[in-house]
Each structure stands twice: as C-alpha cells, then as structure tokens.
Amino acid sequence: MKQLLITSIASLALLGAAHAAGDATAGKTKSAMCAACHGADGNSPAPNFPTLAGQHPDYITKQLMAFKGGERTDATMNAMAAALSEQDMADIAAFYATQTGTAGKAAADKVELGETLYRAGNMASGVAACAACHGPTGSGNPMANFPSLNGQHADYTVAQLKNFRSGARANDAGSMMRGVAGKMTDAEIEAVAQYIQGLN
C-alpha cells in the first residue's frame with residue numbers, strides 16, 4: 001500500500017512536470033537555436049519549415065515531445081529535441097505562442113476548391129471539413145490540442161498531409177488526421193494547403 005502511494009505521488013509529480021507552465025522570456029533565449037529554420041519570431045522564412053508564431057503552446061510541446069520520444073521522425077528535429085528538457089519545451093512553446101503569425105497568399109487557381117474542402121469537406125469521398133476541428137478562421141482548438149493552421153506554409157502543409165496519408169506521421173490522436181488525409185487526392189491536398197496559407 002505504501003509503495004502504491006509513493007508510486008502515485010511520483011506519477012502525479014511527473015504529470016505536473018509535463019504540464020509545467022512555460023516562461024516566454026526564457027523561451028525567447030532558448031529558441032535562438034530554432035531561429036535558422038523557424039525564424040527569430042517563429043515566422044519561418046522557408047516554406048518547407050513550419051511557422052510557429054501564434055501556435056498553441058501545448059501543441060508545440062506535444063510535437064517536441066513526440067520528436068524527442070521518436071513518435072515523430074525528422075533527422076533535424078529528433079536531434080534538436082533530444083537535448084531539450086520538458087521545461088525547455090514549455091518555455092520555447094510559450095515564446096512562440098506570444099508571437100504574431102503572418103498570413104501568406106494562396107494560389108488563386110486553388111482557392112475555390114481549397115475553401116470548399118476546408119469548410120465543407122468532400123461528402124462523396126468522406127473527407128471531413130478542416131473547419132470542424134481547426135475552426136472557420138484556422139485558429140485551431142487549444143482545449144482539444146488541435147493546432148492553429150492559418151497562414152501556415154502550403155509546402156509544409158502538403159508534406160504533413162502526405163505524411164499522414166502514408167502513415168509516415170502517426171502521432172495524431174485517434175488517427176484522425178490519417179483518416180482524413182487517407183481519403184484526399186494530391187489535388188485536394190494542394191488546394192487546401194494553398195487555402196490555409198492565405199487564411200487569416
């Protein structure tokens with residue numbers, strides 16, 4: 001009984017550490033190593049790296065933990081996250097959450113299909129509307145840990161949707177994103193990614 005109580009207390013302590021509040025000021029300093037790919041303020045200058053400015057802190061922390069634990073694979077990010085403590089992750093996430101994202105511009109020839117998919121999905125093939133989880137403006141749902149998408153680089157979004165579709169990325173809760181992306185065509189992925197890039 002005593003051992004069970006000690007184990008329970010230890011588990012609660014670990015749970016508390018995993019959800020430690022982040023310090024944005026400390027995170028600004030710690031994020032210096034991230035700036036080359038994600039930009040000094042989280043607005044990535046390269047379309048293949050995600051913009052992190054304005055992203056929900058719990059979502060960023062979840063992804064960093066997934067990279068550190070190997071649930072999500074990327075040679076650069078696995079190496080970067082390996083050196084981070086849970087507090088480092090929380091601090092970096094807090095910093096990026098306080099930054100303002102910048103919207104891109106959607107390719108005009110893809111907006112109509114992209115908006116239809118984002119707002120209504122594709123009933124014929126069973127593709128769910130992105131807005132159902134990520135909101136009408138792409139701001140996400142922090143309580144459910146669904147990320148903000150608005151203004152995200154189209155190239156990055158395309159890559160992630162294709163990774164979900166192939167199963168190369170599998171850290172989505174309940175396989176939701178794998179289920180959605182698995183029903184999408186390349187043309188649909190390209191269109192919705194362009195629409196998201198211009199969403200603000």
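For the list (1) within 24 Å of V192 (Cα to Cα); (2) without any contact (Cβ under 8 Å) to a residue 60 or more places away in the chain, I need the number of the one condition that N78 fails.
Of the numbered conditions (1) within 24 Å of V192 (Cα to Cα); (2) without any contact (Cβ under 8 Å) to a residue 60 or more places away in the chain, the odd one out for N78 is (1).
Here are some conditions: (1) out of contact with any helix residue (DSSP H, G or I) (no Cβ under 9 Å at 6 or more places or on another chain); (2) assigned to a helix (DSSP H, G or I); (3) open to solvent by 50 Å² or more (accessible area, probe 1.4 Å). A35 meets all but one. Which one does it not meet?
The failed condition is (3).
Could you list all residues from region 159-184 that are over 21 Å from S148 (Cβ atoms), without any contact (Cβ under 8 Å) to a residue 60 or more places away in the chain and not in a helix (DSSP H, G or I)?
Listed by number, the residues that qualify are G167, G182.
Please go through region 75-118 and pick out each residue that is at pLDDT below 95 and of a type in the set (S, T, N, Q).
Scanning region 75-118 gives a single hit, T102.
Pairs needed: first member in region 103-115, farther than 16 Å from Q152 by Cα; second member anywhere, among the aliphatic types (A, V, I, L, M) and in a helix (DSSP H, G or I); C-beta distance under 6 Å; at least 6 residues apart or different chains.
These pairs meet every condition: L113/A191.
Out of D23, D58, D74, which single residue is within 21 Å of H134 (Cβ to Cβ) and open to solvent by 20 Å² or more (accessible area, probe 1.4 Å)? Explain how you work it out, then say what you get.
Values: D23 fails: within 21 Å of H134 (Cβ to Cβ); D74 fails: within 21 Å of H134 (Cβ to Cβ).
From the options D23, D58, D74, the qualifying one is D58.
Can you spot a residue in region 135-151 that is of a type outside the set (D, E), open to solvent by 20 Å² or more (accessible area, probe 1.4 Å), under 17 Å from A193 (Cβ atoms) and in a helix (DSSP H, G or I)?
no
For the subset of region 104-131 comprising residues that are farther than 24 Å from F49 by Cα, small (G, A, S) and touching a Gly at 6+ places or on another chain (Cβ under 8 Å), which member is most open to solvent (accessible area, probe 1.4 Å)?
A128
The values are calculated or read from the model by the stated rules, or taken from the named source; none is laboratory data. Since this is a predicted model, take the numbers as computed values, not measurements. Positions of Cβ are backbone-derived with ideal geometry, glycine not excepted, and every protein chain shown enters the neighbour counts. These area figures cover heavy atoms from the full protein model, side chains too; ligands, DNA and RNA do not enter into them. Shrake-Rupley method; radii C 1.70, N 1.55, O 1.52, S 1.80 Å.
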